[in-house]
Amino acid sequence: MHNMSQAINSKQGSLSQSHLPILERKYPDITGTLLAFDFGEKRIGVAVGETILKAAHPLTTVTAEENELKFAQIGQLIAEWRPSLLVVGLPTHMDGTPHGMTQLAKKFAQRLEGRFNLPVIMVDERLSSAEAAQNLREAGITGGKQKAMIDAVAAQSILQSYFDGLTSN
């Protein structure tokens, strides 16, 4: 059994970081399609992007009531897009201190990793919803239409922030 896990770890190289706390993980060598999530208790915004282009696009919003249904919808997206990395927004107060949603988002990220066996990274999302609202306003999208799109656009902002961090390192 030990040889098997060594073989898996050597095959994945730097991908096996599950021993590290989720906030300390870095996957700079991962390429391909990425999915990002703006976690909320009622809605989860989802965005998609490609490491070559380093451009994020809003994809959809998961709105199921029950966790099992949410994860079923996410599973369908993962099967369709086949991401090599999942990016989850980390909500905190503006000064960076945690609040109620911080732990829920971490738990969501850990459940994604455990359920789908994909590497997961968390990215600061402090301004993602405000930036999403601003981008939608600038595009002339307001009111109910904005509410329907804001979570996916916030996920886009989270993923773009991740991509921007890659190019600056």
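Values in this text are rule-based calculations from the coordinates and carry no lab data. For clarity, every value in this text was computed on a predicted model and none was experimentally measured. Counting neighbours? That spans all protein chains shown, and the Cβs are built from the backbone with ideal geometry, glycine included.
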| remark: Nearest-0.05 FRET efficiency for HIS93 and LEU166 at R0 = 25 Å, using Cβ-Cβ distance, is 0.45
| query | Within a Cβ distance under 9 Å of ILE158, other residues only, what is the Lys/Arg minus Asp/Glu net charge? | reply | -3
| task | Scan the range 26-82 for GluC sites (Glu not before Pro) in coil per DSSP, keeping those whose Cβ has at most 13 other Cβ atoms within 10 Å, and list them by number. | result | GLU41, GLU65, GLU66
| Between GLU68 and ARG126, 0.36 nm times their residue separation minus their Cα-Cα distance comes to what? | 18.1 nm
| field | Across LYS107/LYS145; LYS26/LYS145; LYS26/LYS70, pairs whose alpha-carbon gap is larger than 28 Å | value | LYS107/LYS145; LYS26/LYS145
| note | Out of PRO21, PRO91, PRO119, a Gaussian network model of the chain with alpha-carbon springs under 10 Å gives the largest mean-square fluctuation to PRO21
| note | Per GNM of the chain with C-alpha springs under 10 angstrom, the most fluctuating residue out of SER18, SER84, SER157 is SER18
| said: Which of the three applies to the range 24-168, rounded, prolate or oblate, going by the alpha-carbon gyration tensor with a ≥ b ≥ c and a/c under 1.5 meaning rounded? | reply: rounded
